[in-house]
2 protein chains.
Amino acid sequence: MITAEQILRKQDLRGTACRKFIINGLLNNDKALSENELKGESPELFDRVTFYRTLITLEESGIIHKIVLNDNSVKYALNSHHHNENNLHSHFHCEECDEVLCLEGKTRFEAELPDKFVSHGVFVVIEGFCADCASHIK
Amino acid sequence: MITAEQILRKQDLRGTACRKFIINGLLNNDKALSENELKGESPELFDRVTFYRTLITLEESGIIHKIVLNDNSVKYALNSHHHNENNLHSHFHCEECDEVLCLEGKTRFEAELPDKFVSHGVFVVIEGFCADCASHIK
DNA sequence: ACATGTAATGCAACAATGTTGCAAATATAA
DNA sequence: TTATATTTGCAACATTGTTGCATTACATGT
């Protein structure tokens with residue numbers, strides 16, 4: 001099992017408390033998490049500004065990525081080592097329980113862009129119900 | 001050419017000034033527009049709350065749709081009458097000039113969802129450069 | 001283990017965006 | 001033209017994102 005410190009080292013980042021806290025939060029969870037979900041029981045542990053700046057640092061270094069949902073809320077997840085051609089980032093968002101899953105490698109996308117347009121990345125959010133919520137709701 | 005009033009009538013909505021203003025803004029423009037882009041020269045014409053509430057009303061009635069970009073900014077566009085099977089909403093966002101285009105019917109998407117998951121809609125944002133910006137930037 | 005320079009943090013203050021309740025104004029149907 | 005339900009504007013507030021700067025913590029040399 002890889003540790004937060006190892007992940008940070010690999011990117012030449014210092015192993016600070018806030019960085020380790022966030023990475024460990026994501027390592028212990030297969031879902032994407034929001035700022036508040038990450039903070040969990042200890043919302044005062046780090047200053048809000050530090051938290052934001054740390055998330056930005058981790059995103060810029062390629063350790064995590066940000067998922068912006070249709071309701072303007074934001075979640076974060078660790079990057080998989082998986083790379084695909086058109087830089088396709090797909091996620092599922094359960095409208096009922098608000099859970100977000102990464103759908104790495106399980107999606108395909110094609111687009112006919114207007115002439116001379118250049119794509120740098122594709123961000124997909126599937127909105128719907130997860131298995132649990134689908135069964136509860138009928 | 002269809003008018004704002006006709007669009008509102010069809011959805012049993014009153015033809016109020018703010019609604020007509022927004023719909024006309026979008027009718028006169030093939031791009032998706034942000035709140036500030038819609039307000040344009042007259043940002044004080046309507047109260048900000050009215051603007052928000054009107055956008056929500058228009059979205060709920062199916063006249064417009066909201067596009068949430070990766071940088072958390074939001075744009076709005078008229079709904080086309082076009083419907084597709086998996087309820088796929090695709091847009092292109094130019095990272096340079098910030099322009100957003102609807103890519104109606106020009107995209108294809110497939111996903112293998114986990115068992116029993118239900119999809120209600122798919123939202124795609126392609127980030128990149130539009131033709132103009134791609135040529136300027138080289 | 002310790003001193004050192006650099007990088008990260010916390011604080012204060014602020015900007016932007018989104019939301020609610022309520023009284024006044026307005027659109028439509030009679 | 002009037003009645004009535006709907007929409008609007010205002011005030012106040014909540015949430016989220018951002019900046020500058022002094023303080024603190026990290027990692028590297030010794």
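Quick note: the coordinates plus some simple rules give every number you see, no bench work behind them. Remember, predicted model here, so these are calculated numbers, not experimental data. Please note: Cβ atoms are built from the backbone with ideal geometry, for glycine as well, and neighbour counts cover all protein chains shown.
Placing +1 on the Cβ of each Lys and Arg and -1 on the Cβ of each Asp and Glu in the stretch B:23-98, which of B:Tyr76, B:Gly62, B:Leu38 has its Cα farthest towards the positive end of the resulting dipole?
The residue sitting most towards the positive pole is B:Gly62.
Quick one: divide the alpha-carbon radius of gyration of the protein assembly as shown by 2.2 N^0.38 Å and tell me what you get.
On the way: Rg = 20.5 Å, N = 276, 2.2 N^0.38 = 18.6 Å.
So the Cα radius of gyration is 1.10 times the expected 2.2 N^0.38 Å.
Along the Cα→Cβ direction, 7 angstrom out, place labels at A:Glu37 and A:Asp132. What is the inter-label distance in nm?
1.1 nm
Taking a cut-off of 25 Å, what percent of all Cα-Cα pairs in the stretch A:4-137 are separated by more than that? Please report the intermediate quantities before stating the final value.
Working: 2931 of 8911 pairs.
Summing the P(r) of the stretch A:4-137 above 25 Å gives 33 percent of all pairs.
Report the relative contact order of chain B, percent, no decimals, based on alpha-carbon pairs under 8 angstrom and at least 6 residues apart. Write down the numbers at each step before the final one.
Numbers: 152 pairs, mean separation 28.3, N = 138.
In percent, rounded to a whole number, it is 21.
What ranking of B:Cys130, B:Cys97, A:Cys133 emerges when the number of other C-beta atoms within 10 Å of each C-beta is taken as an exposure proxy, fewest first?
Ranking B:Cys130, B:Cys97, A:Cys133 by Cβ neighbours within 10 Å, fewest first, gives B:Cys97, A:Cys133, B:Cys130.
What order do you get for A:Arg48, A:Arg14 when you list them from fewest to most C-beta neighbours inside 10 Å?
In increasing order of surrounding Cβ atoms, one gets A:Arg14, A:Arg48.
Please compute, for peptide B:105-117, the average count of beta-carbon atoms on other protein chains lying within 10 Å of each residue's beta-carbon.
6
Using the Karplus curve 6.51 cos²θ - 1.76 cosθ + 1.60 with θ = phi - 60°, work out ³J(HN,Hα) for each residue of the stretch B:109-123 in order, rounded to whole Hz, and write x for Gly and Pro.
Here the 3J(HN,Hα) series is 9, 9, 9, 9, 7, x, 4, 6, 6, 10, 9, 9, x, 10, 10 Hz.
Measuring nothing but label to label, 7 Å from Cα along Cα→Cβ, what are B:Glu5's distances to the other copies in nm, shortest first?
7.3
Loop-only check: which GluC sites (Glu not before Pro) in the stretch B:4-70 are DSSP coil with at most 16 other Cβ within 10 angstrom?
Values: sites: B:Glu5, B:Glu35, B:Glu37, B:Glu41, B:Glu44, B:Glu59, B:Glu60; in loops: B:Glu41, B:Glu44.
Filter output for the stretch B:4-70: B:Glu41, B:Glu44.
What nm value, rounded to one decimal, do you get for the distance between A:Asp115 and A:Tyr52 when each label is placed 7 Å out toward the C-beta?
For A:Asp115 paired with A:Tyr52, the spin-label model returns 4.4 nm.
Under the classification rounded if a/c is under 1.5, otherwise prolate if a/b is larger than b/c and oblate if not, where does the stretch A:5-55 fall, given a ≥ b ≥ c as square roots of the Cα gyration tensor eigenvalues?
Oblate.
Counting only other chains, and only Cβ atoms inside 10 Å, what mean value do you get across the residues of A:127-136?
Partner Cβ neighbours, averaged per residue: 4.
Using only helices, what value at 222 nm comes out for the protein assembly as shown when you add -39,500 (n - 2.57) per DSSP H run of length 4 or more and divide by the total residues, to the nearest 500 deg cm²/dmol?
Working: 10 runs with 86 residues, N = 276.
Rounded to the nearest 500, the figure is -8500 deg cm²/dmol.
Roughly how many debye, to the nearest 20, is the charge dipole of the stretch A:4-137 about its Cα centre, given +1 on each Lys and Arg Cβ, -1 on each Asp and Glu Cβ, and no other charges?
Here the stretch A:4-137 has a charge dipole of around 660 debye.
When the chain is fully extended, how far beyond the present Cα-Cα distance does A:Glu104 get from A:Asn87, taking 0.36 nm per residue of separation?
This chain segment gains 5.0 nm when fully extended.
With θ taken as phi - 60° and the coefficients 6.51, -1.76 and 1.60, list the Karplus ³J(HN,Hα) couplings across the stretch A:91-99 in order, rounded to whole Hz; mark glycine and proline as x.
In residue order, the calculated couplings are 9, 10, 10, 7, 6, 8, 9, 6, 5 Hz.
Among the listed pairs B:Lys31/B:Lys138; B:Lys39/B:Lys66; A:Lys75/B:Lys31; A:Lys66/B:Lys138, give every one whose C-alpha distance is greater than 18 Å.
Among B:Lys31/B:Lys138; B:Lys39/B:Lys66; A:Lys75/B:Lys31; A:Lys66/B:Lys138, the Cα-Cα distance tops 18 Å for B:Lys31/B:Lys138; A:Lys75/B:Lys31; A:Lys66/B:Lys138.
Quote the charge dipole size of the protein assembly as shown about the Cα centre in Debye, to the nearest 20; the model charges only the Cβ of Lys and Arg (+1) and of Asp and Glu (-1).
Values: 30 positive and 44 negative charges, 40 e Å.
About 200 debye.
Quick check on packing: order A:103-114, A:63-74 by the mean number of other C-beta atoms within 10 Å, highest mean leading.
Per-residue mean Cβ counts within 10 Å order the peptides as A:63-74, A:103-114.
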